[in-house]
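Colleague: Okay, here's the structure, questions in a sec.
What follows is calculated from the coordinates using simple rules that are stated; it is not laboratory data. Because the structure is a prediction, the values reported are computed rather than measured. Positions of Cβ are backbone-derived with ideal geometry, glycine not excepted, and every protein chain shown enters the neighbour counts.
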Amino acid sequence: KQEVTQIPAALSVPEGENLVLNCSFTDSAIYNLQWFRQDPGKGLTSLLLIQSSQREQTSGRLNASLDKSSGRSTLYIAASQPGDSATYLCAVPYNTDKLIFGTGTRLQVFP
Amino acid sequence: GAVVSQHPSRVICKSGTSVKIECRSLDFQATTMFWYRQFPKQSLMLMATSNEGSKATYEQGVEKDKFLINHASLTLSTLTVTSAHPEDSSFYICSAPTPFGNTIYFGEGSWLTVV
C-alpha cells in the first residue's frame with residue numbers, strides 16, 4: 001500500500017530564506033507526483049506536476065524535483081515571502097485520478 | 001475563477017440531521033468526481049469515487065449508507081451526510097479530472113460542523 005509522508009511537518013522561517021520541503025513515497029511505481037498549496041480552511045491549488053519521465057519542474061520561485069528510484073520529491077521555494085505561508089501537500093495518483101496525499105508541511109514565513 | 005465549485009462553503013447542522021454538499025464542474029463535463037475528507041491537522045483522505053450514471057465506489061472503511069453520493073449529471077455530484085454526528089465534523093472537498101485526464105481540479109471545500 002502506498003504511503004506518502006512529508007518532512008518537516010511544520011516550518012517557521014523569516015522571509016527571504018530558501019526552503020526545501022520533502023516528500024517520500026513507498027511505492028515508486030508512480031506516473032506523476034503533484035505538489036499542492038492549501039491555505040487555512042480553503043481548497044487546494046495545484047503548484048507543480050512532475051511526470052515520472054521528468055526530474056524536475058519549475059514555476060517562478062518554485063522548483064520541484066522527483067527521484068522515483070529513491071521514492072523522494074522535494075519542493076524548493078526560493079526567497080520565501082509571508083504570502084507563501086500555507087500548508088504544502090504532495091500527492092501521488094493511484095487507479096488513474098485518485099490521489100494519495102502526504103501528511104503535509106505547514107509553512108509560516110514571518111516578516 | 002474556479003472551475004470546480006462547492007456549496008455550501010460552511011454549514012452547521014444538528015446531530016441526527018442530514019446535510020447535502022454539492023460539487024459542480026463549471027467549464028467541463030466530469031464523468032467522475034472524487035470526494036475527500038480532511039480532519040483538523042491531518043491530510044486529505046479519499047472517501048469515494050462518484051460515477052455519473054452508476055453507483056459510487058467507496059474506499060475501505062467509508063460507510064456508503066451514511067455518505068450518500070449521487071452523480072446527478074455530467075457536471076454535478078452531491079455528497080449527503082446522513083444522520084450526522086459530531087464526529088462527522090470535517091472539511092469535505094471534491095475534485096474532478098478534465099475529460100482528457102490531464103488536469104484535476106479541486107473545489108473550494110466545505111466545512112461541516114455537527115453540533
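Colleague: Identify the residue in segment B:1-28 that is among the hydrophobic types (A, V, I, L, M, F, W, C), in a strand (DSSP E or B) and out of contact with any Phe, Trp or Tyr (no Cβ under 6 Å at 6 or more places or on another chain) and, among all such residues, is nearest to B:Phe106 (Cα to Cα).
Modeller: Taking segment B:1-28 as the starting set, the residues that turn out to be among the hydrophobic types (A, V, I, L, M, F, W, C) are B:2-4, B:11-13, B:19, B:21, B:23, B:26, B:28.
After this cut, where a residue has to be in a strand (DSSP E or B) as well, the list is B:4, B:11-13, B:19, B:21, B:23.
Cutting the leftovers down to out of contact with any Phe, Trp or Tyr (no Cβ under 6 Å at 6 or more places or on another chain) gives us B:11-13, B:19, B:23.
Details: B:Val11: 19, B:Ile12: 22, B:Cys13: 24, B:Val19: 20, B:Cys23: 9 Å.
So, considering only residues that are among the hydrophobic types (A, V, I, L, M, F, W, C), in a strand (DSSP E or B) and out of contact with any Phe, Trp or Tyr (no Cβ under 6 Å at 6 or more places or on another chain), the one nearest to B:Phe106 (Cα to Cα) is B:Cys23.
Colleague: Identify, please: which residue in segment A:65-111 is facing another protein chain (nearest Cβ under 10 Å) and small (Gly, Ala, Ser) and is, among those, nearest to B:Met33 (Cα to Cα)?
Modeller: Looking at the filtered set, the residue picked out is A:Ala91.
Colleague: Next question, about the same structure. Tell me which residues, restricted to segment B:84-93, are crowded, with 17+ Cβ neighbours inside 10 Å and more than 9 Å from chain A (Cβ to nearest Cβ).
Modeller: Narrowing segment B:84-93 to residues crowded, with 17+ Cβ neighbours inside 10 Å: B:84, B:88-93.
Those that are crowded, with 17+ Cβ neighbours inside 10 Å and more than 9 Å from chain A (Cβ to nearest Cβ): B:Ala84, B:Asp88, B:Ser89, B:Ser90, B:Tyr92.
Colleague: Could you check segment A:1-84 for strands (runs of 3 or more DSSP E) lying wholly inside it with 2 or more residues that are touching a strand residue (DSSP E or B) at 6+ places or on another chain (Cβ under 9 Å) and either of a type in the set (D, E, K, R) or free of Cβ contacts under 8 Å to residues at least 24 places away in the same chain (or both)? Reasoning before the result, please.
Modeller: Values: elements: A:4-7, A:10-14, A:19-25, A:32-38, A:44-51, A:56-59, A:62-67, A:72-77.
In segment A:1-84, the matching strands (runs of 3 or more DSSP E) lie at A:44-51, A:56-59, A:62-67.
Colleague: Please work out which residue is farthest from B:Asn51 (Cα to Cα), limiting yourself to segment B:13-32 and to residues that are within 14 Å of the chain's Cα centre (by Cα) and surrounded by 16 or more Cβ atoms within 10 Å (Cβ to Cβ).
Modeller: Step by step, filter segment B:13-32, then rank; the result is B:Val19.
Colleague: So B:Ile104 fits all but one of (1) within 13 Å of chain A (Cβ to nearest Cβ); (2) crowded, with 17+ Cβ neighbours inside 10 Å; (3) farther than 23 Å from A:Arg37 by Cα; what number is the exception?
Modeller: Among (1) within 13 Å of chain A (Cβ to nearest Cβ); (2) crowded, with 17+ Cβ neighbours inside 10 Å; (3) farther than 23 Å from A:Arg37 by Cα, the lone unmet condition for B:Ile104 is (3).
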